[in-house]
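Structure first, then comments.
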Protein chains: 2
Amino acid sequence: MAASITLAVSTVIFALRPHPDTGHLALWLPLVRRIRSPHKGQWALPGGPLRADEDLAASAARNLRDTTALTPRYLEQLFAFGRPDRSDNRVAPENRTVSIVYWALVHADVASAGVESDNVHWFLAEDVPTLAFDHNQIIEYALWRLRNKMEYSRIATAFLGETFTLSELREVHEVVLERTLDPANFRRQIETSGDVIATDEFRMGGRHRPARLYRHNHSIELADNGPLTGR
Amino acid sequence: MAASITLAVSTVIFALRPHPDTGHLALWLPLVRRIRSPHKGQWALPGGPLRADEDLAASAARNLRDTTALTPRYLEQLFAFGRPDRSDNRVAPENRTVSIVYWALVHADVASAGVESDNVHWFLAEDVPTLAFDHNQIIEYALWRLRNKMEYSRIATAFLGETFTLSELREVHEVVLERTLDPANFRRQIETSGDVIATDEFRMGGRHRPARLYRHNHSIELADNGPLTGR
DNA sequence: CCAAAAGTGTTCATGGTACACCCATGG
DNA sequence: CCATGGGTGTACCATGAACACTTTTGG
């Protein structure tokens with residue numbers, strides 16, 4: 001029997017939701033339970049074979065929609081993983097899988113939290129179990145890319161709604177980067193970057209001065225991917 | 001007949017050699033002539049199908065060795081290109097190819113220049129002809145990544161031999177970035193980065209003060225690819 | 001001595017960091 | 001009134017850009 005190579009697309013999906021213990025925002029990601037061998041029953045990244053007439057990014061977006069019922073606010077190719085031994089398939093060792101992995105940011109509102117089922121579960125990024133295949137390493141790499149991009153692009157707004165306060169935007173940075181940021185300096189950096197636009201509205205209700213709402217500047221791409229923009 | 005997806009690996013290979021007109025260094029890359037349909041006779045990136053038991057990076061290195069008889073000084077995955085229509089194959093429209101593209105830097109010494117044949121030819125990066133498939137766009141993207149990485153990593157040394165002067169290193173940056181750099185400031189930036197180590201030797205022979213030779217610091221990776229290092 | 005590149009010193013602008021301080025709201 | 005986060009001002013420091021200047025070779 002001839003050896004065959006299967007091409008699959010998987011997606012690492014990130015969202016911010018409150019931490020169950022502290023109540024502060026935390027990074028979450030959804031995983032799916034494998035329903036067949038190999039690694040049947042283990043948790044894994046959402047994904048599946050690339051369809052015959054489907055673009056790579058479209059396949060990632062479809063997997064994302066199927067598992068979370070959400071639309072990605074940001075979607076980018078992460079890496080193609082193809083070590084011959086990564087499938088670890090004792091059943092058919094002459095077959096291997098090459099996975100083209102995307103990573104996505106979604107805005108997880110309350111509604112989307114209810115999409116969980118027995119086979120789909122959201123995990124804290126800091127508390128991911130042992131996964132099928134090399135998916136733990138893939139998530140590590142996706143986290144590294146997310147943190148890198150958080151520092152020199154405007155992807156943070158993808159976690160938020162249409163309008164947001166600068167405190168909310170700062171909290172996104174703080175949660176992802178795992179360090180506190182000076183509110184005064186953060187404000188100035190964001191304001192001079194031109195990435196956000198001030199509105200006339202304010203977030204009222206706190207026991208403190210109302211915070212101005214901003215919206216993000218749609219005329220600027222979330223991240224500069226050079227000649228690949230829009231691909 | 002069922003639709004099938006072919007998985008191929010291609011490589012964008014960069015080297016620096018003198019420009020035929022000006023004599024200054026310039027960016028070159030080797031292309032191969034396609035010997036079969038589609039696009040038979042046109043120039044294209046070196047590459048081919050992934051072998052059954054071959055790692056992705058190993059496949060790229062093999063393509064590189066076959067076309068240039070060289071070993072890559074730097075090799076990194078660029079992107080996976082998979083638009084369903086990118087093959088433009090009128091013969092078998094139900095088949096498509098997904099290409100995982102790598103990019104490489106090689107040190108092109110005199111010997112390697114003789115490896116050209118009727119089916120392998122080095123082109124100036126600024127003067128690449130119309131290529132098969134979407135390979136022109138792929139090269140544009142590889143150039144963008146090369147220029148980006150040149151500014152915040154130490155890949156420039158991959159173009160040079162074991163020892164080099166700071167002028168030579170600066171010229172690599174200048175040619176790739178297409179702008180001149182202040183020699184005094186460049187020197188200080190490189191020296192404080194710790195990327196290179198001064199030797200006791202000097203490059204003699206010019207009608208000017210001899211230049212100290214440096215070698216690169218092997219204890220630092222050429223580029224920080226995070227958890228993917230060594231993969 | 002001159003030309004040319006190697007190498008050093010100094011100044012200035014910019015951008016980030018630390019932190020003091022005032023503002024506006026709810027309670 | 002107080003507590004709390006929103007928002008402003010300012011001083012300091014590190015980094016990089018610009019450029020004058022000295023050094024060492026070959027011719």
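Every number in this text was worked out from the coordinates using simple rules, so none of it is lab data. From a predicted model like this one, the values you see are computed outputs, not experimental measurements. Heads up, the Cβs are rebuilt from the backbone with ideal geometry, glycines too, and the neighbour counts pull from every protein chain shown.
For the range A:96-231, the convex hull drawn through the C-alpha positions has a volume of 170 cubic angstrom per residue. Max-minus-min Cα coordinates of the protein assembly as shown on each principal axis give 75, 61, 37 Å, with the largest extent listed first. Residue farthest toward the positive end of the dipole of the range B:155-216, with Cβ of Lys/Arg at +1 and Asp/Glu at -1: which of B:F202, B:Q189, B:V175? Selected residue: B:F202. For the range A:155-216, place one equal point scatterer on every Cα, skip the solvent, and apply the Debye formula. What is log10 of I(q)/I(0) at q = 0.12, 0.13, 0.24 Å⁻¹? For the range A:155-216 at q = 0.12, 0.13, 0.24 Å⁻¹, log10 I(q)/I(0) is -0.27, -0.32, -1.12.
Taking a straight Cα-Cα cut-off under 29 Å and skipping sequence neighbours fewer than 8 places away in the same chain, the lysines within cross-link reach of B:K149 are A:K149. The mean number of partner chain beta-carbon atoms within 10 angstrom of a residue's beta-carbon across peptide A:57-64 is 1. Helix B:56-68 and the longest principal axis of the C-alpha atoms of chain B enclose an angle of approximately 80°.
For the protein assembly as shown, what is the mean residue ellipticity at 222 nm derived from helices alone (per DSSP H run of n ≥ 4: -39500 (n - 2.57); sum divided by total residues; nearest 500 deg cm²/dmol)? Display every interim value, and only then the final one.
On the way: 10 runs with 116 residues, N = 462.
Helices in the protein assembly as shown give a 222 nm mean residue ellipticity of -7500 deg cm²/dmol.
Dipole magnitude for the range B:155-216: computed about the Cα centre from +1 point charges on Lys and Arg Cβ and -1 point charges on Asp and Glu Cβ, it is near 240 debye. About the centre of its Cα atoms, chain B shows a dipole size close to 120 debye [charges on the beta carbon of Lys, Arg (+1) and Asp, Glu (-1) only; nearest 20 debye]. Across B:W103, B:W43, B:W144, mean-square fluctuation computed from a Gaussian network of chain B (C-alpha pairs under 10 Å connected) peaks at B:W144.
Where does chain A land on the Kirkwood hydrodynamic radius, alpha-carbon pairs, in angstrom?
One decimal place: 19.2 Å for the Kirkwood radius.
Here the Karplus relation 6.51 cos²θ - 1.76 cosθ + 1.60, evaluated at θ = phi - 60°, turns the backbone of the range A:189-205 into coupling constants of 4, 5, 5, 6, 6, x, 6, 10, 10, 6, 9, 8, 9, 9, 8, 8, x Hz, with x for every Gly and Pro.
Translational diffusion of the range A:24-108, estimated by Stokes-Einstein from the Kirkwood radius over alpha carbon pairs at 10 °C in a medium of 1.306 mPa s, is 110 µm² per second. The distance linking the range B:1-41 with the range A:12-64 is 36 Å (Cα centroid to Cα centroid, whole angstrom). With a cut-off of 16 Å on the backbone N, the residues of the range B:17-41 near the modelled label site 7 Å out from B:S117 along Cα-Cβ are B:30-36, B:41. For chain B, modelled as a GNM whose springs connect Cα atoms under 10 angstrom apart, the maximal fluctuation among B:L143, B:L64, B:L181 occurs at B:L181. For the pair the range B:116-175 / the range A:167-214, the C-alpha centres are spaced 41 Å from each other.
For A:K40, a cut-off of 15 angstrom between C-alpha atoms picks up these aspartates and glutamates, skipping any fewer than 8 places away in its own chain: A:D88, A:D118, A:D134. On a 0 to 90 degree scale, rounded to 10, what angle separates helix B:166-177 from the longest Cα axis of chain B? Once rounded, the angle reads 30 degrees. Between B:N148 and A:E174, take the C-beta separation as r, use R0 = 25 Å, and let me know the FRET efficiency to the nearest 0.05. Taking R0 as 25 Å, the efficiency between B:N148 and A:E174 is 0.40.
For A:F202 and B:Q137, what is the calculated FRET efficiency with R₀ set at 51 Å and r taken between the beta-carbons, to the nearest 0.05? According to the calculation, E is roughly 0.65. The chain B residue nearest the rotation axis shared with chain A, using its Cβ and rounding the distance to whole Å, is B:A80, 2. Only Lys, Arg, Asp and Glu carry charge here, each on its Cβ (+1 for the first two, -1 for the last two); on that basis the protein assembly as shown has a dipole of about 220 debye about its Cα centre.
Amide hydrogen proximity for A:I13: with H placed 1.01 Å from N in the peptide plane, the residues at 5 or more positions away or on another chain lying under 5 Å are A:A104. Suppose R0 equals 35 Å. What FRET efficiency, 1/(1 + (r/R0)^6) with r the Cβ-Cβ distance, do B:R51 and B:D109 give to the nearest 0.05? It comes out at approximately 0.75. In nanometers and ordered shortest first, the copy-to-copy spacing of the A:N95 label point, defined 7 Å from Cα toward Cβ, is 2.1.
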